[in-house]
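The values are calculated or read from the model by the stated rules, or taken from the named source; none is laboratory data. If you're wondering where the values come from, they're calculated on a predicted model, not measured in any experiment. With ideal geometry, Cβ positions are generated from the backbone for all residues, glycine too; neighbour counts draw on all protein chains shown.
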Amino acid sequence: MGKVLYIAEKPSVAQEFAKALKINGQRKDGYLESQDSIVTWCVGHLVTMSYPEKYDIKYKRWSFDTLPFLPREFKYEVIPGVQKQFDIVKGLLNRPDVETIYVCTDSGREGEYIYRLVAQMAGVKDKKQRRVWIDSQTEEEILRGIREAKDLSSYDNLANSAYLRAKEDYLMGINFSRVLTLRYGNSVSSYLKSKYQAIAVGRVMTCVLGMVVRR
C-alpha cells in the first residue's frame, strides 16, 4: 500500500499536521515519516523567478538598449539558501511509494503559488494531488480540511492568478527600477553623496513609500 505525503508551507504548520494526524514516526532530515504517512514542509518560498542575466548575459549590465525586458517564457530556479530542503521535498514528491500528495500550504494565492512552483521544478507526475483548505490550525479544522480536500485542479484559476501577479511584479520591478536608476541614479547619488544609488521600484513598496512621503 502506497504512502500519503502532506506538504506544508512552514515547519511549524507541518508539526501541527503531524500532531493532528497522530504521526509519531521518526523525525528525519526535513520530514517526519510513519508507516503510512510522510509530513514535510517548505520554508516559505523554495523557488523564485530568475534574474534577467539568466536569460542572456547582456542583461546583467543595466542599459536603455536592453529595455524593456519582456521574456516570452519565464525562467525559474531554486533559491540557493534553501536548496537542501528543496532537494528533500523533490525526492519525497517523486518517491515511488508516495501515491497521494496533500497540499497543505497556506490557504490563499501565495500558498498556492509556493506549492505550484515546487511541483513544477520537481517535475511531479502521475500522483494524486489534493488541496487542503483550512481556516485555522486546530486539530478539528486540519482533519476536516484533509477529509474534504479537493483535487488540486479545482484551484487552477487561483494558481493562474498567482503566476500572473508574480510576473506583473517581476516585470514592473525589473523594468522600472532600471529605467529610473539609469535616468535619475546619478542625481540621487550626488544628493546623498554616495558612490552609486539604485532606485528600487515595486508594486507594493512604491505605494508604501508614497504614503510615508505624504505623512
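Annotations
- Taken over region 52-82, the residue count meeting the criterion of being closer than 18 Å to residue 168 by Cα and touching a residue at least 60 places away in the same chain (Cβ under 8 Å) is 6.
- Condition broken by residue 176, with the remaining ones in (1) touching a Ser or Thr at 6+ places or on another chain (Cβ under 9 Å); (2) modelled with pLDDT of 95 or more; (3) more than 18 Å from residue 61 (Cα to Cα); (4) of a type outside the set (D, E, K, R) satisfied: (3)
- Here residue 105 passes the criteria (1) in contact with a Ser or Thr (Cβ under 6 Å, 6 or more places away or on another chain); (2) crowded, with 21+ Cβ neighbours inside 10 Å except the one numbered (1).
For every residue, the table says whether it meets (1) aromatic (Phe, Trp, Tyr); (2) at pLDDT 95 or above; (3) touching a strand residue (DSSP E or B) at 6+ places or on another chain (Cβ under 8 Å).
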position	(1), (2), (3)
1	no, no, no
4	no, yes, yes
28	no, no, no
36	no, no, yes
41	yes, yes, yes
52	no, yes, no
58	no, yes, no
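- Among the residues of this structure, residue 194 does not count as one that is among the polar types (S, T, N, Q) and in a helix (DSSP H, G or I).
- Filtering 156, 151, 126 for residues that are modelled with pLDDT under 95, surrounded by fewer than 16 Cβ atoms within 10 Å (Cβ to Cβ) and of a type outside the set (Ser, Thr, Tyr) leaves a single hit, 126.
- Restricting the first member to region 105-131 and to residues that are without any contact (Cβ under 8 Å) to a residue 40 or more places away in the chain and β-branched (Val, Ile, Thr), and the second to residues that are surrounded by fewer than 17 Cβ atoms within 10 Å (Cβ to Cβ) and assigned to a loop (DSSP other than H, G, I, E, B), the beta-carbon pairs closer than 7 Å and six or more apart or on different chains are 124/94.
- Unique residue being among the small types (Gly, Ala, Ser), closer than 20 Å to residue 46 by Cβ and in contact (Cβ under 8 Å) with a residue 12 or more places away in the chain when the list is 162, 149: 162
- For region 67-81, the condition of being more than 28 Å from residue 161 (Cα to Cα) and either touching a strand residue (DSSP E or B) at 6+ places or on another chain (Cβ under 7 Å) or surrounded by fewer than 20 Cβ atoms within 10 Å (Cβ to Cβ) (or both) holds for none of the residues.
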